Structure formats: C-alpha cells, structure tokens
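What follows is a single structure, written as structure tokens, with notes after it.
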Amino acid sequence: MRLNQIKKNGLFRVKSLNCDNDCIARLMSMGLLPDQEIRLVHEAPLGDPIAIEFNGCQMSLHLVDAANVEVEPI
C-alpha cells in the first residue's frame, strides 16, 4: 500500500521509500525511514495535500510525493 492511499485514524509502518524523489529525500533526512511509524492527521478538502505525523512532527506533502512511500498497517 502507498502512503497516498491511507485513511485517517490508522497507524502505519514505512516499508520502503523512493529516495530519488527530492521531497521524500528531504523527509528521510528528517527521520522518515523504513520501520518508522506514521499516521495521517489531516487531508485537505479536495484530498491534496495530506499531513502526516512521525517522530512527534507533522509534515505536509502532496499525493504525488506520498505515492513514493510504501507503508503497511500496524
């Protein structure tokens, strides 16, 4: 499952990331790494962008970038 497909109120674990994407590479430098637990905390009214929370921080990203992160439900 990709990060752009998750719904609110779930806890997910990162399985893999596409570090060729600049946005994802920046998130990796902030601690978004494989085995990191994340959750979706907000979706814009039209669904894009989304806000995720990990390591006590909230980050916003577009769905096209979120598609580069593979996750699994916990």
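Observations on the model:
- Within the stretch 41-57, restricting attention to residues that are under 15 Å from LEU27 (Cβ atoms) and of a type in the set (Gly, Ala, Ser), the residue that is modelled with the lowest pLDDT is GLY56.
- Residues in the stretch 1-32 that are open to solvent by 70 Å² or more (accessible area, probe 1.4 Å) and touching a helix residue (DSSP H, G or I) at 6+ places or on another chain (Cβ under 9 Å) were compared, and the one that is farthest from VAL71 (Cα to Cα) is ASP22.
- In the stretch 33-57, the qualifying residues are those that are assigned to a strand (DSSP E or B) and open to solvent by 80 Å² or more (accessible area, probe 1.4 Å), and the one that is farthest from ILE74 (Cα to Cα) is HIS42.
- Residue match in the stretch 61-68 (condition: assigned to a helix (DSSP H, G or I), polar (S, T, N, Q) and farther than 16 Å from LYS7 by Cα): no
- Annotation for the stretch 7-16: at least one member residue is touching a Lys or Arg at 6+ places or on another chain (Cβ under 7 Å) and of a type in the set (Phe, Trp, Tyr).
The values are calculated or read from the model by the stated rules, or taken from the named source; none is laboratory data. What you are looking at is a predicted structure, and each value in this text was computed from that prediction instead of being measured. Here the Cβ is made from the backbone with ideal geometry for all residues, glycine too, and neighbour counts use every protein chain on show. Just so you know, the surface numbers come from the protein's heavy atoms only, side chains and all, with ligands and any DNA or RNA stripped out. Shrake-Rupley method; radii C 1.70, N 1.55, O 1.52, S 1.80 Å.
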